[in-house]
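Here's the structure, in structure tokens; my notes come after.
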Amino acid sequence: MRHSRTAAIVLVALAAALGGCGGSSSTAAPGGFTYQKTLTIYSDLPLQGPQGALMTSIVYGEKLALYQAGGRVGKTPISFASLNDAQASADGWTYVQTGASARAASQDLKAIAYIGDFDSAATAISLPLTNENDILQVSPASPYIGLTSANPYDDKGEPQEYYPEGTQTFAHLMPTDVQEAAATTAFMGWLAAKRLYVLSDLEQYDAAIAPMVAADATQSAITVVGQKQIDTDTNTKPVGYAQIAAAVAATHPDAVLVGAAPGPGAEALWQELHSALPNAKLFAPSTLATAPFLATLGAAASATYVTSPILELKQYPRQAQSVLAAYRKEFGLAPTAYTLYGYAAMQSVLAAIRAVHAKSTAARYRLDVVAAYFHLGVRNSVIGRYSINSVGDSSLSDFDGYRVGSAGQLIELHSFSGH
């Protein structure tokens with residue numbers, strides 16, 4: 001699915017799409033916030049499509065954390081609203097579903113926080129809508145650096161365009177793509193890569209890591225022999241990539257990185273690259289670390305290496321193991337590492353609410369919760385010891401370097417830091 005390169009373009013289309021849905025951009029009136037009775041924490045994730053099962057495990061992690069907290073802060077009940085920003089027919093999240101979810105939360109006077117979205121491009125849609133009514137938004141993932149910080153690789157106007165009210169209301173738990181780029185370059189060095197070719201998709205949110213890796217590689221004594229921008233959304237057949245693969249092969253790289261989202265185009269490109277460069281290592285960022293994509297690799301699997309902040313379950317802290325056991329008991333399902341990010345997101349949101357509960361006026365309550373979130377300090381959580389800085393970035397920086405097995409499974413090779 002092609003995502004807009006700027007939130008501004010998306011929001012124009014979104015306004016038209018939602019025009020008949022009864023939505024408006026009005027801000028909650030001072031004193032109208034009914035936190036004395038109940039609060040609602042929203043969650044919005046793509047619960048259908050290729051990643052549906054993993055996203056559901058995040059929601060269950062959120063539910064488990066709320067359940068273990070007794071479903072309340074002090075004497076105030078906390079309700080939970082799980083929304084789905086995906087459509088099965090669209091193979092994942094959509095603009096309209098994401099926008100409708102964020103608008104519903106933004107217009108709910110009882111809404112206090114919004115956990116989501118998972119994809120950076122989806123967060124680029126939801127964030128301006130939750131920000132307009134001062135709702136704390138915490139993403140389990142969404143690593144695009146332009147959502148939080150000005151960076152040479154951002155689009156013009158980022159991150160300010162995501163915050164129409166001018167207040168920082170967003171944080172994400174996974175490391176940024178800047179940190180992933182550093183870890184990916186370290187992985188390449190560990191595998192003795194010397195000559196690197198970098199391919200980046202037109203989609204900004206999924207491709208931003210590519211120029212970052214190119215810059216880091218140059219500083220790490222890895223020669224970047226070429227860079228090229230591609231369009232995996234419209235070019236979806238192997239024959240469409242034969243010429244590109246041949247041009248890459250002509251530069252004699254021993255490693256190729258592709259910054260893109262999973263889909264038919266990325267799958268076709270991968271096959272052509274391996275055919276033209278059977279001895280080269282193909283590096284995939286975490287955006288491509290999805291089971292459906294990895295399962296299509298076939299013979300190219302043995303040449304594919306993935307960098308991801310999603311670690312092996314055994315690598316998470318001891319308290320994570322008890323949460324995973326509680327998950328199995330409560331839901332009768334096998335948890336995933338993603339479960340821990342949902343659990344940690346809910347725990348951190350509850351901590352922020354608890355910090356200001358009964359200490360704030362109705363008119364200031366949301367903003368006080370936001371401020372409290374950014375002052376929680378260092379947290380010893382199920383995803384590790386971390387803090388959130390003033391712009392919403394997590395201090396977590398651990399990544400695993402994986403190779404891909406013949407059945408598309410990830411096999412851990414080594415751990416790397418994104419610092």
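Derivation of every value follows stated rules applied to the coordinates shown; laboratory data play no part. Values in this document were obtained by computation on a predicted structure and should not be read as measured data. Quick reminder, even Gly has a Cβ in these numbers, built from the backbone with ideal geometry, and neighbours come from all protein chains shown.
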Segment 130-192 - Kirkwood radius from inverse mean 1/r over Cα pairs (Å): 13.1
Give me the angle, in degrees from 0 to 90, between the Cα long axis of helix 7-17 and the longest principal axis of the Cα atoms of the chain, rounded to the nearest 10. 60
Dipole size in debye (nearest 20) for segment 269-419 around its Cα centre, Lys and Arg Cβ +1, Asp and Glu Cβ -1? 580
For residue 356, net neighbour charge (Lys/Arg +1, Asp/Glu -1) across residues whose Cβ lies under 12 Å away: +3
Charge dipole (debye, nearest 20) of segment 77-146; +1 at Cβ of Lys and Arg, -1 at Cβ of Asp and Glu: 120
Please count, across the chain, the pairs of lysine residues with Cα atoms under 30 Å apart that sit 8 or more places apart or on different chains. 22
Charge dipole (the chain, unit charges on Cβ, about Cα centre) - positive-most of 326, 401, 389: 326
Fraction of antiparallel bridges per DSSP, the chain only, in percent to nearest 5: 35
Debye-sum result for the chain in log10 I(q)/I(0), which assumes one identical scatterer on each alpha carbon, at q = 0.10, 0.12 Å⁻¹: -0.66, -0.94
Which one of 56, 207, 95 has its Cα pushed farthest toward the positive end of the charge dipole of the chain, where Lys and Arg give +1 and Asp and Glu give -1 at the Cβ? 56
Run the helix sum for the chain: -39,500 (n - 2.57) per DSSP H stretch of 4+ residues, divided by residue count, reported at 222 nm to the nearest 500 deg cm²/dmol. -11000 deg cm²/dmol
Ranked 83, 199, 333, 269, criterion: other C-beta atoms within 10 Å, fewest first: 333, 83, 199, 269
Taking the beta-carbon count within 10 Å as an exposure proxy, list 38, 236, 339 from fewest neighbours to most. 38, 236, 339
Remind me, relative contact order of segment 184-242 in percent, using alpha carbon pairs under 8 angstrom and six or more residues apart? 41
What ranking do 63, 110 get, fewest neighbouring Cβ atoms within 10 angstrom at the top? 110, 63
Taking Lys and Arg as +1 and Asp and Glu as -1, residues besides residue 100 with C-beta under 11 Å from its C-beta add up to -1
Viscosity 1.567 mPa s, temperature 4 °C: Stokes-Einstein D of segment 271-347 from its Kirkwood Cα radius, in µm² per second? 88
Rounded to whole angstrom, the alpha-carbon centroid of segment 55-124 lies from that of segment 270-318 at a distance of 29
Sequence ranges 385-396, 93-104, ranked by mean other-Cβ count within 10 angstrom, highest first: 93-104, 385-396
Give me the dipole magnitude in Debye, nearest 20, for the chain about the Cα centre, with unit charges on the beta carbon: positive for Lys and Arg, negative for Asp and Glu. 1200
When the gyration tensor of segment 70-136 is built from Cα positions, what are the square roots of 5 times its three eigenvalues, in whole Å, from largest to smallest? 24, 14, 9
Give me the mean projected area, in nm² to one decimal, of the convex hull enclosing the Cα positions of segment 147-229. 6.1
